[in-house]
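What follows is a single structure, written as structure tokens, with notes after it.
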């Protein structure tokens, strides 16, 4: 079945540093989504990407839809303590409103 | 703007029992998807409901069933509970079937003993 490989599994950074994480797949997706999940809560949508090569920003977050449609990247600039959490990538089929396939997440720790 | 709501928040059941989880979609959304998230894993797609019908199903046994009501709210039913069914059950809503994002509720934590 479809699987997403998300890396790194975890990151420990200092406040103010930039962060990069990525997601790769052997399958093509039509949509890439990035979510953040805090303990005991549901995932919160950060960025949605719909076109190969698309680069989209949301405040300090920037994500890109890979040109091969098999990968996506998320960057966080000037990290702050509230960026702590687990970041998930998700690939969407059929335009994204149907099944989402999730990676296993990148756990981010920010040291003040 | 009301977001996705789920009930109950937590639930403890015994093996072999049956459970019903409930979800109300975000205001304006008409499509509901259910996911199971085991500890330390990403959410796994169970199924999706649109126009009161199951549109797509993930790799889950028939013990998992659902329903969507005319007001777009949804239920997830799990029969003959197994220990391995212990997980966070997430509901996501979207404006489907058009391309778009899925917004998640806070989840229901199910523990099977």
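The values are calculated or read from the model by the stated rules, or taken from the named source; none is laboratory data. This one's a predicted model, so the numbers in the text were calculated from it and none came from an experiment. When we count neighbours, we look across all protein chains shown, and the Cβ atoms used for this are built from the backbone with ideal geometry, even at glycine.
Things to note:
- Members of the stretch B:65-79 found to be free of Cβ contacts under 8 Å to residues at least 24 places away in the same chain and under 13 Å from the mean Cα position of the chain (by Cα), listed by number: B:65, B:67
- The residue that is modelled with the highest pLDDT, among those in the stretch B:86-106 that are more than 7 Å from chain A (Cβ to nearest Cβ) and surrounded by fewer than 20 Cβ atoms within 10 Å (Cβ to Cβ), is B:86.
- Taken together, A:58, A:30 contain a single residue that is away from chain B (no Cβ under 11 Å) and under 30 Å from residue B:49 (Cβ atoms), which is A:58.
- Checking each residue in the stretch A:79-102 for being at pLDDT 95 or above, in a loop (DSSP other than H, G, I, E, B) and either within 14 Å of another protein chain (Cβ to nearest Cβ) or surrounded by fewer than 18 Cβ atoms within 10 Å (Cβ to Cβ) (or both) picks out A:80, A:84.
- Filter result for residue B:110 (modelled with pLDDT of 95 or more and not in a loop (DSSP other than H, G, I, E, B)): yes
- Only one entry of A:70, A:36 meets the criterion of being within 14 Å of the chain's Cα centre (by Cα) and either away from every other protein chain (no Cβ under 14 Å) or exposed (fewer than 13 other Cβ atoms within 10 Å of the Cβ) (or both), and that entry is A:70.
- Taken together, the criteria exclude residue B:11 from residues that are away from chain A (no Cβ under 14 Å), touching a residue at least 24 places away in the same chain (Cβ under 8 Å) and more than 30 Å from residue A:108 (Cα to Cα).
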